[in-house]
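*Asks:* Below is the structure I would like to discuss, written out as structure tokens.
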Amino acid sequence: MDLIKRLRHRFIFLAAVSIFIIVSVALLSINWMSARSMQESCFKTMNRIADNGGVMPMREGHYPAAATTWFIDSDWNDESRESYYSTRYFSVIFDRENKVTDIHAEQIAAYTETEAVKQALQILASRQDAGFFEKDGSDYGFVVRTDASQDKMVVVVDASREFMAVRSFMNFSFRFGLVCIVLFIIIFASLSNRAIQPFIHNFENQKRFITNASHELKTPIAIISVNAEALEMVNGENEWTRGILKQVHRLSNLINHLILLSKMGEGSQFQMQKALVNISEVASNTVGSFRLLAEEQHKKVEADVEKDIRIQTDEKCFLELLNIFLDNAVKYCDEGGTVRLALRKGKKDGTVALAISNDYAAGEHEDYTRFFERFYRSDESHNSAKAGYGIGLSMAQEILGMLKGKIRVSWKDGRITFVMVISSL
């Protein structure tokens, strides 16, 4: 069924979006924490060197436990005795005149002493106390220390391994996350029918009840109608027989609409008959049939129909669509108001634009998003003068969907307008 398919697809789509958001947030958070942990570890190493006069200290025994938080573990590197030999760095000390007073570049191969001094001067010129930079495909971190005598120390540490580890973890985690999302969608799609099975069962029971009840009601309604007509033949027409026949007509229309709505909900069972239809002629004739009804209620119906518009469509469905919207427009048009129908060729080939509007002063605060819900009516529509069951517009939307059409409703300057664009089938 089309409705069930749409529900299943929407269910899968929302689940896919949800898992994508969850996995993305989780991976971004984990990678952010990994990157921060790596940076904290680099800064800790550089500060240790700066605290030791620009030279990596060699210590016996174990290092004290690194400070950690719930989100960030700053103990990125294995701070063992080998750290003295594995850390690649250089340090340059300047006096207040920016003249070199000491340099330690024996623990790094990528920089000579001259290059180390040049790099340190560039760091001083940046006026940053700490940070990272990239050079020749390698990543480095730096800190700048200034003592009480205005001497400056620049410590630079090679952080290429740490950055490479973070990038590798990042690439792997996002690929792994993508695979997990795809697997989730595949598994969820295969099991989605089970998830919506209760809804399908309830929907089928509801449809079956509507169809069976509608057919069962036809017989007593037909008997009531025949009896009322027989009474009129014997006793003549009176207000009671007219009331009976009027309500019988309303119930018959309701039953027919419910059956049609139920069939339209099952697209495979509702066969459309496509043909080249002169919809200009259909629209003009339909408007003419509503003029007398509108005049009885002191209202007017006007039409502006472009001549000889022909499209491939189902004539019965299009006619039913016009009847629903014109009946709705006449019913809810203000006393002494005007109903207007306009039909034009659409901007795209094979499309038509249909607009039906009516005076409706009380419509400024209506919730138009609910107009196409089944059995929805605003409070005012519950009076007998505007009797209805709230299924007309819902049925019209179903028909419009089968006719490959779109609709929008708007209210402006006391008039409500339904604008539809219908394509050839």
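The values are calculated or read from the model by the stated rules, or taken from the named source; none is laboratory data. Since we're looking at a predicted model, the values are computed, not measured. Here the Cβ positions follow ideal geometry from the backbone for every residue, glycine too, while neighbour counts run over all protein chains shown. For the accessible areas, the whole protein counts, side chains as well, though only heavy atoms, and no ligand, DNA or RNA atoms are used. Shrake-Rupley method; radii C 1.70, N 1.55, O 1.52, S 1.80 Å.
*Asks:* Out of the residues in region 66-102 that are touching a helix residue (DSSP H, G or I) at 6+ places or on another chain (Cβ under 7 Å) and open to solvent by 80 Å² or more (accessible area, probe 1.4 Å), state the one that is modelled with the lowest pLDDT.
*Replies:* Across region 66-102, the extreme among qualifying residues is TRP76.
*Asks:* Could you check, for region 241-248, whether at least one of its residues is in contact (Cβ under 8 Å) with a residue 40 or more places away in the chain and either surrounded by 16 or more Cβ atoms within 10 Å (Cβ to Cβ) or part of a helix (DSSP H, G or I) (or both)? Talk me through it step by step, then tell me what you get.
*Replies:* Of region 241-248, the ones in contact (Cβ under 8 Å) with a residue 40 or more places away in the chain are none.
No, region 241-248 contains no residue that is in contact (Cβ under 8 Å) with a residue 40 or more places away in the chain and either surrounded by 16 or more Cβ atoms within 10 Å (Cβ to Cβ) or part of a helix (DSSP H, G or I) (or both).
*Asks:* So which residues in region 211-227 are open to solvent by less than 40 Å² (accessible area, probe 1.4 Å) and either over 48 Å from the mean Cα position of the chain (by Cα) or β-branched (Val, Ile, Thr) (or both)?
*Replies:* Passing the criteria: ILE221, SER225.
*Asks:* Pull up region 358-373, narrow it to residues that are surrounded by 14 or more Cβ atoms within 10 Å (Cβ to Cβ) and over 26 Å from ARG291 (Cα atoms), then point me to the one that is modelled with the highest pLDDT.
*Replies:* Step by step, filter region 358-373, then rank; the result is GLU366.
*Asks:* Can I ask one more? Could we say that GLU40 is open to solvent by 40 Å² or more (accessible area, probe 1.4 Å) and either modelled with pLDDT of 90 or more or in contact with a Gly (Cβ under 8 Å, 6 or more places away or on another chain) (or both) here?
*Replies:* On the way: open to solvent by 40 Å² or more (accessible area, probe 1.4 Å): yes; either modelled with pLDDT of 90 or more or in contact with a Gly (Cβ under 8 Å, 6 or more places away or on another chain) (or both): yes.
Answer is yes for this residue.
*Asks:* Still on this structure, please answer the following. Can you report the number of residues in region 273-289 which are at pLDDT 90 or above and assigned to a helix (DSSP H, G or I)?
*Replies:* At the first step, the residues of region 273-289 found to be at pLDDT 90 or above are 275-288.
With assigned to a helix (DSSP H, G or I) added as a condition, the list becomes 279-288.
Adding up the residues that qualify gives 10.
*Asks:* Something else now. Need the failing condition index for GLY54 against (1) touching a His at 6+ places or on another chain (Cβ under 8 Å); (2) open to solvent by 40 Å² or more (accessible area, probe 1.4 Å), just the number.
*Replies:* All conditions are met except number (2).
*Asks:* Enumerate the strands (runs of 3 or more DSSP E) found wholly within region 295-366, keeping only those where 2 or more residues are polar (S, T, N, Q). Write out each step before concluding.
*Replies:* Numbers: elements: 300-305, 310-313, 338-345, 351-359.
Qualifying strands (runs of 3 or more DSSP E): 310-313, 351-359.
*Asks:* While we're here: Among the numbered criteria (1) open to solvent by 30 Å² or more (accessible area, probe 1.4 Å); (2) outside any helix (DSSP H, G or I); (3) of a type in the set (Phe, Trp, Tyr), which single criterion is violated by TYR111?
*Replies:* Of (1) open to solvent by 30 Å² or more (accessible area, probe 1.4 Å); (2) outside any helix (DSSP H, G or I); (3) of a type in the set (Phe, Trp, Tyr), only one is false for TYR111: (1).
*Asks:* Among the residues of region 390-425, how many are basic (Lys, Arg) and assigned to a loop (DSSP other than H, G, I, E, B)? Please lay out each step first, then the result.
*Replies:* Just the residues of region 390-425 that are basic (Lys, Arg), to begin with: 404, 406, 408, 412, 415.
Cutting the leftovers down to assigned to a loop (DSSP other than H, G, I, E, B) gives us 404.
Residues that pass the stated criteria total 1.
*Asks:* I'd like to verify a number: residues in region 374-401 that are at pLDDT below 55, of a type in the set (A, V, I, L, M) and either under 18 Å from ASN323 (Cα atoms) or touching a helix residue (DSSP H, G or I) at 6+ places or on another chain (Cβ under 6 Å) (or both), how many?
*Replies:* Number satisfying all stated conditions: 1.
*Asks:* Now, a different point. ASN323: surrounded by fewer than 22 Cβ atoms within 10 Å (Cβ to Cβ) and in contact (Cβ under 8 Å) with a residue 60 or more places away in the chain, yes or no? Reasoning before the result, please.
*Replies:* Details: surrounded by fewer than 22 Cβ atoms within 10 Å (Cβ to Cβ): yes; in contact (Cβ under 8 Å) with a residue 60 or more places away in the chain: no.
In short, no.
*Asks:* Can you name the residue in region 162-193 that is of a type outside the set (A, V, I, L, M, F, W, C) and within 24 Å of the chain's Cα centre (by Cα) and is also farthest from SER41 (Cα to Cα) among such residues? Talk me through it step by step, then tell me what you get.
*Replies:* So the first thing to find is which residues in region 162-193 are of a type outside the set (A, V, I, L, M, F, W, C), and the list is 162, 167-168, 171, 173, 175, 177, 190, 192-193.
Cutting the leftovers down to within 24 Å of the chain's Cα centre (by Cα) gives us 177, 190, 192-193.
Numbers: GLY177: 27, SER190: 46, SER192: 47, ASN193: 50 Å.
In this case the residue turns out to be ASN193.
*Asks:* Identify all residues within region 291-348 that are basic (Lys, Arg), out of contact with any Asp or Glu (no Cβ under 7 Å at 6 or more places or on another chain) and more than 25 Å from PHE371 (Cα to Cα); write none if there are none. Don't jump to the end; show me each part of the working.
*Replies:* Keep residues of region 291-348 that are basic (Lys, Arg), which gives 291, 299-300, 307, 310, 316, 331, 340, 344-345, 347-348.
From what's left, out of contact with any Asp or Glu (no Cβ under 7 Å at 6 or more places or on another chain): 291, 299-300, 307, 310, 316, 331, 347-348.
Residues satisfying the conditions are LYS307, ARG310, LYS347, LYS348.
*Asks:* Ok, one more. Check whether at least one residue in region 152-161 is open to solvent by 60 Å² or more (accessible area, probe 1.4 Å) and within 44 Å of the chain's Cα centre (by Cα), and report yes or no. Walk me through how you get there before you give the answer.
*Replies:* Initial filter on region 152-161 (open to solvent by 60 Å² or more (accessible area, probe 1.4 Å)): 161.
From what is left, the residues that are within 44 Å of the chain's Cα centre (by Cα) are 161.
Yes, region 152-161 has at least one match.
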